[in-house]
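Below is one structure; the comments refer to it alone.
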Amino acid sequence: MPKATAAAVNAHLTSWATRGVDGHFVGGTPWATIEDTCVTPASLAIVGAAHAHEVVYMNSLTVNLHLMMAAFYRPTAGRHTILIEDHAFPSDAYAVASQVALAGYDPATAIVRLRPRVGEAALRDGDVVDAIATHGPTLALVLLPGVQYYTGQVLPMAAVAAAARAAGVPLGLDLAHAVGNVPLALHAWGVDWAVWCTYKYLNGGPGAVAGLFLHDRHAGVPGASLPCGGGGGDGGGGGDSPPHPDRRSPASAAGGATSGRAALPWARPLPPRSARPAFNSPTRPCWRSPPSPPPSASCTRRAACPSLPPRPPASPPMPRRCCCRRRGWRAASPC
Ligand SMILES: Cc1ncc(COP(=O)(O)O)c(C=O)c1O
């Protein structure tokens with residue numbers, strides 16, 4: 001744990017204890033504008049961001065992954081596949097499969113997995129780049145790690161970003177094992193977006209908020225389609241406070257729209273809901289990410305889906321307890 005952590009956390013606890021809700025607006029680090037001070041030059045440098053508004057700390061890695069895929073995965077009939085690495089981190093694989101299914105496509109066919117050559121443990125750099133070019137016309141998203149969690153392989157991120165740009169497909173990176181571990185230059189490489197957790201090489205503790213990078217070229221164009229809301233609408237401030245001037249998008253700083261933070265050149269509206277298969281329609285096959293084989297029967301209920309494990313039995317009810325100041329905690333009988 002960094003030496004300054006305890007004092008920093010205690011300062012917030014003291015502010016909470018002594019100021020209550022006013023801690024949002026006064027004190028050394030008012031919470032309403034904490035986003036403006038916690039994204040330090042060091043935290044920008046560690047991912048190679050060029051602007052403060054390219055990085056935000058919030059949520060968990062997986063939540064941020066879902067948010068970014070909701071914004072960047074805009075499939076069409078001819079272009080709806082996602083390229084990921086084989087043996088992707090399990091929660092990434094589930095997140096990708098669920099986004100594909102939510103958009104009405106079949107994860108069994110709409111996810112392309114990059115595998116090392118037979119007899120080899122790691123991907124060859126050239127094979128990764130070639131795969132993006134080969135599958136490019138049908139790809140709606142490339143999602144790859146900076147450092148593969150299972151093999152420790154550092155992927156050629158600059159070359160991957162260039163290949164994705166050449167193919168006209170957005171690139172997202174999972175940097176869980178890369179940030180704080182290997183040099184990163186996300187802005188210079190032109191990576192569209194990246195997500196990372198802070199509890200590995202950044203020494204964050206349990207529950208530490210995750211990070212998100214969104215390249216400046218997606219910032220601030222009105223009518224954009226990134227989900228927004230929560231703290232401050234326009235990426236600044238929080239609550240009812242106005243956005244911090246340094247973190248306002250250029251468009252909103254110029255008086256443009258304040259809803260939406262990204263303009264995606266490839267962003268297409270999803271087809272109307274009526275044109276998409278309903279998520280739980282009887283005709284929609286159950287899906288589950290590999291290696292489980294997809295069940296043959298169509299089903300909508302867990303009980304009917306043979307590939308899902310049975311639910312664990314409900315835990316037994318807690319015994320009733322009561323508190324007695326003199327005798328401590330006792331089960332069941334009243335004090
Ligand atoms: C490569 C990778 N991706 C995603 C995750 C999931 O992160 P979280 O559960 O914090 O969302 C992890 C967690 O260890 C990881 O190592």
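Probing with 1.4 Å while keeping every protein chain in the model, the per residue accessible area of the range 19-91 equals 43 Å².
Tally Lys and Arg at +1 and Asp and Glu at -1 over the other residues with C-beta under 10 Å from the C-beta of T62: what net charge comes out? Summing Lys/Arg as +1 and Asp/Glu as -1 gives -2.
Shown are H80, H215, whose ranking by accessible area with a 1.4 Å probe and every protein chain present, most to least, is H80, H215. The charge dipole of the range 93-172, taken about the Cα centre with unit charges on the Cβ atoms of Lys, Arg (+1) and Asp, Glu (-1), comes to about 20 debye, rounded to the nearest 20. For the range 15-130, the Cα gyration tensor yields ellipsoid semi-axes of 39, 19, 13 Å (square root of five times each eigenvalue, largest first, whole Å). The rule of thumb for compact globular proteins, 2.2 N^0.38 Å, goes into the C-alpha radius of gyration of the range 1-50 1.33 times. For the range 1-146, carbon and sulfur atoms together expose 64% of the accessible surface, with a 1.4 angstrom probe and every protein chain in place. Residues D125, D174 ordered from highest to lowest accessible area at a 1.4 Å probe: D125, D174.
With a 1.4 Å probe rolled over the protein heavy atoms of all chains, the accessible area of D216, D92 falls in the order D216, D92, largest first.
The values are calculated or read from the model by the stated rules, or taken from the named source; none is laboratory data. Nothing here was measured: the structure is a model prediction, and the numbers come from that model. Cβ: placed from backbone, ideal geometry, glycine included. Neighbour counts: every protein chain shown. Just so you know, the surface numbers come from the protein's heavy atoms only, side chains and all, with ligands and any DNA or RNA stripped out. Shrake-Rupley method; radii C 1.70, N 1.55, O 1.52, S 1.80 Å.
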